[in-house]
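To start, the structure itself, in structure tokens.
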Amino acid sequence: MTKEWIYKKRRPEDTERRAKLSAACALSPLFAQLLLDRGITTPEEASNFFDPQLQDLHDPFLMKDMEAAVRRLSCAMDNDERVLVYGDYDVDGTAAVSLIYSFLGELGVDVGLYIPDRYREGYGISELGVRFAAENDYTLVIALDCGIKAYEQIELACSLGVDFIICDHHFADEEIPRAVAVLDPKRNDCTYPCKYLSGTGVGFKLLQALSLRRGYPMHKLLQHLDLVALSIAADLVEVRGENRILATHGLRCLNETPSPGIKALKQVAGLGERTIEMQDIIFRLGPRINAAGRMMNGSIAVELFTSPDDATAELYAQIINQSNIKRQGVDRQMTSEASKMSMAHLEQGDRMSLVLYNPQWHKGLLGVVASRLVDMFYRPVVVLTETNGIVSGSARSIPGFDIYEVVSDCASLLESFGGHTQAVGLTLKQENVEAFRQRFEEVVAHRITLKQKHPVIEIDALLCGEELSPSFFKKMMTFEPFGPMNPAPVFALKGVLPDATAKLFGRGNEHLKFMVSLGGDCPSFMALAYQQAKHLKLVQGERFAIVFTVENNHYFSPPVIQFNVKDIVQEA
């Protein structure tokens with residue numbers, strides 16, 4: 001699908017603000033503008049952005065219900081109660097469980113863990129999980145990355161004498177479950193400054209509050225920041241403010257003092273001893289961790305994260321890697337089937353969305369396949385399957401289009417749903433699938449704008465050869481870690497010379513590798529263009545223009561700059 005190149009429009013007042021920020025911070029106008037685009041307008045804010053400090057983390061007691069949560073957890077610790085740590089089966093959930101489980105275990109708490117089975121129990125707090133807690137004398141459960149809509153399950157827990165502390169980060173309704181404490185910065189009545197913590201981030205704030213209240217050394221908690229960084233990257237939460245602090249120091253912890261589990265995971269992912277960045281978590285580490293919850297049980301990931309030594313960690317890393325290999329095969333088959341089904345649906349008319357149902361599809365891979373279909377067809381997508389008589393599905397959206405609101409408008413046809421603006425999980429009865437498909441299409445068609453119907457690449461700046469200097473790239477890297485609300489800047493470059501040595505790579509030769517050169521005294525750069533094999537002849541034969549982001553290739557020592565090319569067009 002052809003992408004439209006759009007250069008970011010600047011406001012008239014930006015000219016003066018850019019000049020002031022540029023002078024005050026000794027930055028080029030381009031870098032000053034990039035800061036303005038991120039809402040950074042003063043030298044102090046710029047200093048905090050480039051040098052995030054742990055001392056600037058927010059007071060955890062600003063979060064609604066934190067006082068009650070710490071009081072109840074302290075009581076459990078003082079009275080030697082059994083505490084169960086309960087979490088979702090994805091990266092965020094398993095990282096959160098590992099964080100709380102490890103920290104409380106180090107304090108001598110009688111702590112257990114519970115990861116629900118994706119197929120028997122589904123997402124969130126389950127009746128089976130509540131009854132497990134009661135039957136095994138756990139009087140307090142800390143639920144992580146789930147629970148904000150677990151009304152019936154919390155009522156059951158109350159009747160069985162089990163207290164819950166909920167640590168969630170999904171959208172909350174006006175009604176809140178009747179737990180001892182519900183920590184969720186997205187609660188309407190919560191004024192916590194950082195609204196977009198990961199589930200692990202909310203768990204971290206609970207432990208931070210506990211440490212402050214009980215006088216524990218903070219370094220004991222900070223050594224677990226690698227798990228927080230994993231969750232921030234894999235769950236695609238905003239990388240600004242407090243999340244930027246946690247991600248920066250978490251990545252430092254992950255690279256400088258990795259746990260046995262992280263070291264083993266890096267090895268099976270083919271990353272060796274190289275420096276890990278956010279993209280490595282998203283594309284290399286995260287999928288392997290998720291594979292455990294998709295193909296087996298997420299508790300395997302917790303076993304990896306909490307491994308006491310290298311030998312144990314290597315065993316669990318190999319199990320997880322084999323699970324990921326199996327996942328890839330099933331993923332390819334499902335994607336192929338769903339792609340053909342999508343094309344058949346689109347041939348029937350001009351549909352703004354895709355709702356696909358196959359009772360034989362693997363429930364654990366619905367979100368993965370939905371994301372691939374969004375990339376292929378650039379429409380909001382829902383992929384559904386059936387397990388034990390209940391249809392469940394995953395919805396994914398195009399950039400800037402709130403799919404949570406769309407699903408909310410279809411609530412009368414659903415049994416349950418929850419999620420974010422870009423990703424939603426849902427369940428419904430089989431007899432409602434067709435009605436849901438029609439209603440979903442109606443709502444999408446009504447809400448989607450003309451601009452959202454066509455893929456665009458928004459470009460920060462058009463560069464010239466003289467700007468491609470070592471100092472430019474060095475400063476560029478100080479904007480890391482990248483993620484939502486702090487995306488890698490997107491640049492355009494014209495007049496790129498043809499490269500006769502350009503070649504394809506990848507399992508199916510679907511990717512393109514070439515050298516970017518403008519001739520003269522300008523340096524050349526390695527470029528990778530994923531899923532763009534169709535441009536091989538263009539790159540080999542004539543001048544062209546590219547849109548790209550800049551990244552470090554850590555396979556070389558020292559690392560070298562390479563371009564991640566988003567699009568290629570023939571030079572006008």
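The values are calculated or read from the model by the stated rules, or taken from the named source; none is laboratory data. Fair warning: this is a prediction, and the values are worked out from it, not measured in the lab. Backbone-built Cβ (ideal geometry, glycine too); neighbour counts: all protein chains shown.
Need at least 1 residues that are of a type in the set (G, A, S) per element, so show me which strands (runs of 3 or more DSSP E) inside segment 133-212 make the cut, counting only ones lying wholly within it.
Per the criteria, 138-144, 181-183.
Restricting to segment 91-120, give me the number of residues that are among the charged types (D, E, K, R) and under 23 Å from the mean Cα position of the chain (by Cα). Walk me through it before giving the result.
First, pick out the residues of segment 91-120 that are among the charged types (D, E, K, R): 92, 106, 110, 117-118, 120.
Still in the list and also under 23 Å from the mean Cα position of the chain (by Cα): 92, 117-118.
Count: 3.
Kindly provide the set of residues from segment 446-466 that are of a type in the set (A, V, I, L, M, F, W, C), in a strand (DSSP E or B) and surrounded by 14 or more Cβ atoms within 10 Å (Cβ to Cβ), ordered by number.
Residues satisfying the conditions are I457, I459, A461, L462, L463.
Can you tell me which residues in segment 489-538 are of a type in the set (G, A, S), on the phi < 0 side of the Ramachandran plot, in contact (Cβ under 8 Å) with a residue 24 or more places away in the chain and loosely packed, with under 15 Cβ neighbours inside 10 Å?
A500 - this is the single residue of segment 489-538 that is of a type in the set (G, A, S), on the phi < 0 side of the Ramachandran plot, in contact (Cβ under 8 Å) with a residue 24 or more places away in the chain and loosely packed, with under 15 Cβ neighbours inside 10 Å.
Do you know which residues across segment 393-433 are farther than 21 Å from G364 by Cα, touching a Pro at 6+ places or on another chain (Cβ under 9 Å) and in a helix (DSSP H, G or I)?
Across segment 393-433, the qualifying residue is only V406.
Assuming E45 fulfils every condition listed in (1) within 26 Å of the chain's Cα centre (by Cα); (2) part of a loop (DSSP other than H, G, I, E, B); (3) over 20 Å from E458 (Cα atoms); (4) not hydrophobic (A, V, I, L, M, F, W, C) apart from one, which condition is it?
It fails just one condition, (2).
Between L356, L373, which is crowded, with 22+ Cβ neighbours inside 10 Å, free of Cβ contacts under 8 Å to residues at least 40 places away in the same chain and under 20 Å from the mean Cα position of the chain (by Cα)?
Step by step, each of L356, L373 is checked, and only L373 is crowded, with 22+ Cβ neighbours inside 10 Å, free of Cβ contacts under 8 Å to residues at least 40 places away in the same chain and under 20 Å from the mean Cα position of the chain (by Cα).
Condition check: assigned to a loop (DSSP other than H, G, I, E, B) and among the basic types (K, R). Does R118 satisfy that?
So R118 fits the description; yes.
Within segment 474-488, is even one residue aliphatic (A, V, I, L, M), under 28 Å from R372 (Cα atoms), crowded, with 16+ Cβ neighbours inside 10 Å and in contact (Cβ under 8 Å) with a residue 40 or more places away in the chain?
Keep residues of segment 474-488 that are aliphatic (A, V, I, L, M), which gives 476-477, 485, 488.
Narrowing the set further to residues that are under 28 Å from R372 (Cα atoms) leaves 485, 488.
Within this subset, residues satisfying the condition of being crowded, with 16+ Cβ neighbours inside 10 Å are 488.
Going one step further and asking which of them are in contact (Cβ under 8 Å) with a residue 40 or more places away in the chain, we end up with 488.
Scanning segment 474-488, I find at least one residue that is aliphatic (A, V, I, L, M), under 28 Å from R372 (Cα atoms), crowded, with 16+ Cβ neighbours inside 10 Å and in contact (Cβ under 8 Å) with a residue 40 or more places away in the chain, so the answer is yes.
State the number of residues belonging to segment 179-209 that are surrounded by 24 or more Cβ atoms within 10 Å (Cβ to Cβ) and more than 23 Å from the chain's Cα centre (by Cα).
The qualifying residues number 1.
Of all the residues that make up segment 467-484, how many are more than 30 Å from S353 (Cα to Cα) and not in a loop (DSSP other than H, G, I, E, B)?
9
Assuming Q562 fulfils every condition listed in (1) within 22 Å of L271 (Cα to Cα); (2) in contact with a Lys or Arg (Cβ under 6 Å, 6 or more places away or on another chain) apart from one, which condition is it?
Only one criterion in (1) within 22 Å of L271 (Cα to Cα); (2) in contact with a Lys or Arg (Cβ under 6 Å, 6 or more places away or on another chain) is unmet by Q562, namely (2).
If you check P380, P308, which single one turns out to be farther than 30 Å from N255 by Cα and of a type outside the set (A, V, I, L, M, F, W, C)?
Of P380, P308, the one residue that is farther than 30 Å from N255 by Cα and of a type outside the set (A, V, I, L, M, F, W, C) is P380.
Would you please name the residue that is modelled with the lowest pLDDT, looking only at residues in segment 364-374 that are more than 16 Å from K340 (Cβ to Cβ) and not hydroxyl-bearing (S, T, Y)? Working first, answer last.
Let us first name the residues in segment 364-374 that are more than 16 Å from K340 (Cβ to Cβ), namely 364-368, 371, 374.
Of the ones still in play, those that are also not hydroxyl-bearing (S, T, Y) are 364-368, 374.
Working: G364: 87, L365: 91, L366: 94, G367: 92, V368: 91, V374: 95.
The extreme case among them is G364.
With in a helix (DSSP H, G or I), farther than 23 Å from G93 by Cβ and in contact with a Leu (Cβ under 6 Å, 6 or more places away or on another chain) as the only criterion, which of F436, F440 stands out?
Within the list F436, F440, the selection yields F436.
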